[in-house]
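To start, the structure itself, in structure tokens.
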Amino acid sequence: MHQLIALSVPCLFALNCAAIAQVDDEVRQPNIVFIMSDDHAWQAISAYGSNRNQTPNIDRLAEEGIVFDRHFVENSICAPSRAAILTGTFSHIHGIPTNAEKFDATQPTFPALAQESGYATALVGKWHLKSEPVGFDYYERLVGQGLYYRPTMIRDGVKLENEGYTSDIITDLAVDWLEDGRDPDKPFILMVQHKAPHRNWMPGPAHVGDLDDVELAEPDTLFDDYSGRGTASTLQEMTIRDHLSKMDLKLELPDWMMKMTDEERSAWESAYGPRNEAFESLELEGDDLIRWKYQRYAKDYLRCVASIDDSVGMILDTLDELGLADDTVVIYTSDQGWFIGEHGWYDKRWMYEESFRTPLLVRWPGTITPGRRTNLMTQNIDFAPTFLEILDLEIPDRMQGESILPILKASDDEEVEDIGWRDALYYRYYESHGPHRVPKHEGVRTRRWKLMVFPELGEVEMYDLDTDPDEMTSIADDPAHAEVRARLEGLLVELREEYQVPETW
Ligand code: CA
């Protein structure tokens, strides 16, 4: 039923490809709903084994589809990841190595190619690429990062003011477009891109009181003193101990951030007021203060995640109600991972597993074996070629990712390994002197090993992920692992060549 028809070749990049709309009723083109949150750690999803929260709606995708246990980004920061997803390329190709650059929207992206081929395309929520979205019949985007309450959004160049909580507004826009906004005769791509759970983690009215009586589990590495590796980890400014602001901890919120209705404000005050008083009288210090800040911060983060899980549930229900579920590929992912106290941190940027790795769950009834998990290594550059292959469109040579369609279709990993799959990933982070002061680094990850190189520091770190999954003790200078290090350094050179990465940073 969901087998793609082979569209005739002239349809690829055709100016007006009516073929899709004219296909036999028996062979329907799949729709794609791409749901992406911002900074959602895989550790905060119950399908990934979270010991701190439950995400029943995201878990539906795991039960009915496939969970990717080794999905990664090419550069763990917001704008570069978004550009990588759209273009299927690494940062040095798509031109957004940091959050500072403006995206050149004339480069090939999967939404634009899909739109040219006759797909209806829409984007709601966070865009964050400085230029206007291209390739969408309809978009309604947040201005910049967007606020958690009463966000200003832009549609057709016009600023629109909204009341309410941003995750709910984005969800409503997505549901409205599915129900009434799209051309019902066309297959579609809908991108739902949330702001939550990005810093400064302001929960919505439905979840502001959640977890009040709960003591969250602490990560094993909350009190990491970074003594097991070089100096890079000591240079950052993203510790729960020293760098969370009063605004992050909801001890002070400026008026412009508290643009709420009276009802919303009252829910907030009843949740935070008494706790503010408690904080003043706590007189905590040392590890106890770190523990308090961790609980305070992580709970707000997880409350924001709860609004994202609600959103996924609403969208899945809408697809069911409209009879679209069987013909729609649903993707859930985040623009990168996140530290919820691991290594004592919040934020992302590092090639360490918590931020380098990110969630990916896909449901496609009739194609994906329900409940499957894969250990094959995938990366955010794989989305664009995957979507183009699902749509049966040509994948531009410029795209550097691999289509994951063979993984989606396979009943197990061996089937894919038999035809070949990548065994190493390349990573590069550029923003040394930006917020949080994480030194620039590049690296290679295989199934078992990780090598990280810090060019400004002249330092190398290496981890055996089988025996040290928390990456606490670098073995880069251990003579017993010299051969592995040499092999990984060789692999790094090969990957740089393969992806045409410039020598200079
Ligand atoms: Ca992000």
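The values are calculated or read from the model by the stated rules, or taken from the named source; none is laboratory data. Treat the numbers as computed from the prediction; the structure is a model and nothing was measured. Here Cβ is always computed from backbone atoms with ideal geometry, including for glycine, and neighbour counts include all displayed protein chains. What goes into the accessible areas is simple: the full protein's heavy atoms, side chains included, and nothing from ligands, DNA or RNA. Shrake-Rupley method; radii C 1.70, N 1.55, O 1.52, S 1.80 Å.
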Check every one of the helices (runs of 4 or more DSSP H) wholly within region 252-356 and list those with 2 or more residues that are of a type in the set (A, V, I, L, M), out of contact with any Ser or Thr (no Cβ under 7 Å at 6 or more places or on another chain) and open to solvent by 10 Å² or more (accessible area, probe 1.4 Å).
262-282, 286-321
Tally up the residues in region 170-186 that are open to solvent by less than 10 Å² (accessible area, probe 1.4 Å) and either more than 15 Å from ASP310 (Cβ to Cβ) or at pLDDT below 95 (or both), please.
1
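Could you tell me whether any residue of region 52-68 is within 12 Å of the ligand (Cβ to nearest atom) and of a type in the set (Asp, Glu)?
no
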Please pick out the residue among ILE340, ILE331, ILE308 that is within 21 Å of GLY125 (Cβ to Cβ), among the β-branched types (Val, Ile, Thr) and within 16 Å of the ligand (Cβ to nearest atom).
ILE308
Could you list all residues from region 83-108 that are within 14 Å of the ligand (Cβ to nearest atom) and open to solvent by 10 Å² or more (accessible area, probe 1.4 Å)?
THR98, ASN99
Note on region 109-130: residues touching a strand residue (DSSP E or B) at 6+ places or on another chain (Cβ under 7 Å), within 16 Å of the ligand (Cβ to nearest atom) and part of a loop (DSSP other than H, G, I, E, B) are LYS126, TRP127
Evaluation of GLY135 against (1) open to solvent by less than 20 Å² (accessible area, probe 1.4 Å); (2) closer than 17 Å to LEU173 by Cα; (3) more than 13 Å from the ligand (Cβ to nearest atom); (4) not in a strand (DSSP E or B) (one fails), failing number:
(2)
Quick one: how many residues across region 224-251 are exposed (fewer than 14 other Cβ atoms within 10 Å of the Cβ) and in contact with a His (Cβ under 8 Å, 6 or more places away or on another chain)?
1
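Can you pull out the residues in region 460-505 that are acidic (Asp, Glu) and more than 15 Å from ARG448 (Cα to Cα)?
Of everything in region 460-505, those that are acidic (Asp, Glu) and more than 15 Å from ARG448 (Cα to Cα) turn out to be ASP477, ASP478, GLU494, GLU497, GLU498, GLU503.
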Could you list, in sequence order, the residues of region 363-397 that are surrounded by fewer than 18 Cβ atoms within 10 Å (Cβ to Cβ) and under 20 Å from the mean Cα position of the chain (by Cα)?
ARG373, ASN375
For region 403-505, which fully contained helices (runs of 4 or more DSSP H) count at least 2 residues that are touching a Pro at 6+ places or on another chain (Cβ under 7 Å)?
413-419
